[in-house]
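Just below is one structure, and these are the notes that go with it.
The values are calculated or read from the model by the stated rules, or taken from the named source; none is laboratory data. Small disclaimer: the values here were computed from a predicted structure and weren't measured. Cβ coordinates were reconstructed from backbone atoms using ideal geometry, including for glycine residues, and neighbour counts include every protein chain displayed. For the accessible areas, the whole protein counts, side chains as well, though only heavy atoms, and no ligand, DNA or RNA atoms are used. Shrake-Rupley method; radii C 1.70, N 1.55, O 1.52, S 1.80 Å.
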Amino acid sequence: MAKKNRDERSPSLQKRLRLPVGEPVDLSRHSSGATPGGPGAKTAGKAATVRVGEALASLQERLWAASTAGDRRRVLLVLQGMDTSGKGGTVKHVIGLLNPSGCRITAFKAPTAEERAHSFLWRVEKALPLPGEHYEDVLIARVRELAPRVVIDSRYERINAFERSLADDGVTLIKCFLHISYDEQRRRLLRRLDKPEKRWKFAASDIDDRALWPAYRKAYEMALERCGTPYAPWYLVPADHKWYRNWAVSTLLLEHLRELDPRYPEVDFDVAECRERLLRQP
């Protein structure tokens with residue numbers, strides 16, 4: 001019997017989680033508690049994430065090293081999701097696996113007066129090639145009616161053009177939507193209230209925002225549908241299980257870095273001669 005190739009044996013996580021480009025998105029049809037392609041239960045998932053982290057760190061160093069020789073390729077991780085879906089936790093548990101000197105993190109909150117005076121993408125462009133969340137301007141702005149609807153509608157294509165320019169400039173975009181359920185969000189908010197050390201993360205307005213859950217879900221569905229492109233697709237990551245979320249995002253990063261296959265640059269000095277000089281020193 002012919003031996004099956006890797007894709008036939010085990011589809012990549014990219015294939016499992018990538019949302020089809022140009023098709024309507026209905027989040028109610030996607031289970032937030034699923035673990036597609038996962039390594040098993042919580043214990044196995046955490047162990048697998050550690051193993052992924054070791055490979056990730058090596059590839060990140062190679063990409064970083066390649067940049068010193070003029071390689072312009074970069075990786076931009078975009079994390080989106082409802083409140084408590086785990087954006088901060090993903091940064092802590094996934095980006096924490098990497099050398100902090102080779103990566104930078106930016107989280108965008110409410111725009112400042114200076115930021116509001118510019119195009120909605122201005123603050124993101126200033127932060128590149130950092131992870132970013134420029135989708136806030138078609139999510140909260142739509143739900144809270146912070147800008148005219150015609151202005152918000154025009155932003156989707158501007159985001160697509162912006163991401164296309166990044167891809168053309170050597171940026172690999174990995175856009176992850178952390179999909180959490182309404183009930184799981186309640187459980188996480190309650191844990192923030194029940195644990196004194198977590199209360200700083202809670203705001204009374206979080207309860208009010210939950211009343212807008214259907215509107216937020218619709219806004220996310222529109223963003224996922226209208227801003228999913230061949231050069232910057234969306235990956236829907238079930239996020240009710242934190243261990244799976246961390247494993248999935250780290251695995252997506254690993255798959256993309258393996259495809260980039262960065263290499264250490266050749267040195268422009270005589271290794272043997274430098275070694276000999278060092279050994280001759282007293």
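Numbers below:
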read-out	value
The chain, accessible surface, carbon-and-sulfur percent (1.4 angstrom probe)	52
Computed E for SER58/GLN14 - FRET, C-beta separation, R0 30 angstrom, nearest 0.05	0.90
Percent of C-alpha pairs per 5 Å bin, region 184-262, short to long	3, 11, 13, 16, 19, 16, 10, 7, 3, 0
Accessible-area value, LEU146, 1.4 Å probe, nucleic acids and ligands omitted, Å²	120
Signed unit charges on C-beta, dipole axis of region 204-269, positive-most listed residue TYR264, SER205, TRP247	SER205
32 Å Cα-Cα threshold exceeded, pairs from LYS46/LYS198; LYS46/LYS195; LYS15/LYS201	LYS15/LYS201
Per residue accessible area in Å² of region 19-106, where ligands, DNA and RNA are left out and the probe is 1.4 Å	52
Against the rule of thumb 2.2 N^0.38 Å, how large the Cα Rg of the chain comes out	1.13
Sequence-separation-based contact order of the chain, relative, with Cα cut under 8 Å and 6+ spacing, percent	37
